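The values are calculated or read from the model by the stated rules, or taken from the named source; none is laboratory data. For clarity, every value in this text was computed on a predicted model and none was experimentally measured. Don't worry about glycine lacking a Cβ; one is built from the backbone with ideal geometry, like all the others, and counts go over all protein chains shown.
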Amino acid sequence: MHELGIVFHIIEKLEKVAKENNVKEITKVNLEIGEVSLVIPSYFLDVWKWAIKKSTYMKNCECNIIRIEAISFCEECKETFKTTKFAKICPKCLSNKTYLVTGDEVNIKDIEVLE
Ligand SMILES: [Zn+2]
């Protein structure tokens, strides 16, 4: 499962941050997940709840997922459009010279901690 690796990666990264900053506990993480990032939020949260039990600083950490809309840009006519609706084809000029601007990210936006 794809989500498993990402969850472990994020927990590992945050545990390191907590340790380096002498934080007692990380209580909440705000995570930005793009619509086309291949991460399914419900799977992600299931894995999350299981994985944090094994952590040191994140045993009660709430994970809040913020969905980021997928937007593509057309190189031909310089328009932007919703990727989930039109995929790779520009709805204005029908060009396929388009690329994703946002929507495939998995970013830690911010965290809340107990000091
Ligand atoms: Zn176009």
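What the table shows:
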| read-out | value |
| --- | --- |
| Considering residues of the stretch 68-115 that are among the small types (G, A, S) and within 26 Å of P41 (Cα to Cα) only, the residue nearest to the chain's Cα centre (by Cα) | G103 |
| Options K88, K59, K78, K53; residue that is surrounded by fewer than 17 Cβ atoms within 10 Å (Cβ to Cβ), charged (D, E, K, R) and in contact with a strand residue (DSSP E or B) (Cβ under 7 Å, 6 or more places away or on another chain) | K88 |
| Some residue of the stretch 2-10 being modelled with pLDDT of 95 or more and of a type in the set (D, E, K, R) | no |
| All positions within the stretch 53-93 that are within 18 Å of E35 (Cβ to Cβ) and away from the ligand (no atom under 16 Å from the Cβ) | C63, N64, I65, I66, R67, I68, E69, A70, T84 |
| Unmet criterion (only one of (1) at pLDDT 95 or above; (2) of a type in the set (G, A, S); (3) away from the ligand (no atom under 16 Å from the Cβ)) for S37 | (1) |
| Residues that are among the basic types (K, R) and within 16 Å of the ligand (Cβ to nearest atom), drawn from the stretch 94-115 | K97 |
